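Every read-out reported here was derived from the displayed coordinates using simple, explicitly stated rules and does not represent laboratory data. Bear in mind the structure is a predicted one, so any value in this text is a computation, not a measurement. Note: ideal-geometry Cβ built from the backbone for every residue, glycine included; neighbour counts use all protein chains shown.
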Amino acid sequence: MSRTEGPHRDEEIARRRSTAVEVAPAPAGGADARACLDRYFSELADRFDAGYDPARDRSAPPEDLEPPSGLFVLARLAGEWVGCGALKRIDAETGEIKRVWTAPSARGLGVARTILHRLEAEAAAMGLSVLRLDTNKALSEAHALYLGQGYRDVERFNDNPYAHRWFEKRLR
């Protein structure tokens, strides 16, 4: 088998596709953001033990995810959105990462990591020194991502009814 066939070729294709992911700000209340979030929320409803009702989770209303107090981003691959994420300011030093999601068709390409890096860079540019996030026990992939990117488990810091784990990372 040559290097252009088999597993090496698949790894190269995945690497090239992940470098083609573009992450850019988008209006948190815009049509693309709403469509992405609808798919995300639908997946949460399927995966969480007790389902998911976005009306019960008011931890990231769109107005909190707009500059200067926050940011919503969409990830695109070949012109199609394949993920999203958001940042909201909590106070002068602290921000919270919200709504990081990758479409099933783009999983394994580093989309969520790319989104997370963009949000971390934006947080640093906003002068934030600490990032926090919460997640549900069902999202083991998210736990692995956050731990692998330098986040550490911390005590509960909010009242999100769907959260079971809380993480924090110092940016400086």
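Could you compute the net charge surrounding I90? Neighbours are other residues with a C-beta less than 10 Å from the C-beta of I90; K and R count +1, D and E count -1.
-1
Once both axes come from the Cα atoms, what is the angle between helix 31-47 and the longest principal axis of the chain, in degrees from 0 to 90, rounded to 10?
Result, in degrees: 90.
Out of all DSSP beta bridges with both ends in the chain, state the antiparallel percent to the nearest 5.
90
Which angle from 0 to 90°, rounded to the nearest 10, does the C-alpha axis of helix 6-19 make with the longest principal axis of the chain?
40
For S140, what charge total do you get from the other residues with a beta carbon under 11 Å from its beta carbon, if Lys and Arg give +1 and Asp and Glu give -1?
+2
What span do the alpha-carbon atoms of the stretch 22-170 cover on each of the three principal axes, reported in whole Å from largest to smallest?
Principal-axis extents of the Cα atoms in the stretch 22-170, largest first: 34, 33, 29 Å.
In the stretch 37-79, which residues have a backbone nitrogen under 17 Å from the label point lying 7 Å from K137's Cα in the Cα-to-Cβ direction?
45-52
For the stretch 64-70, what does the Karplus curve 6.51 cos²θ - 1.76 cosθ + 1.60, with θ = phi - 60°, yield as ³J(HN,Hα) per residue in whole Hz, taken in order and with x for Gly and Pro?
So the Karplus estimates, Gly and Pro as x, are 7, 10, 10, x, x, 8, x Hz.
What order do you get for E80, E120, E43 when you list them from fewest to most C-beta neighbours inside 10 Å?
Details: E80 10, E120 19, E43 16.
Ranked by crowding around the Cβ, least crowded first: E80, E43, E120.
Order by neighbour count: C36, C84, fewest other Cβ atoms within 10 Å first, most last.
C36, C84
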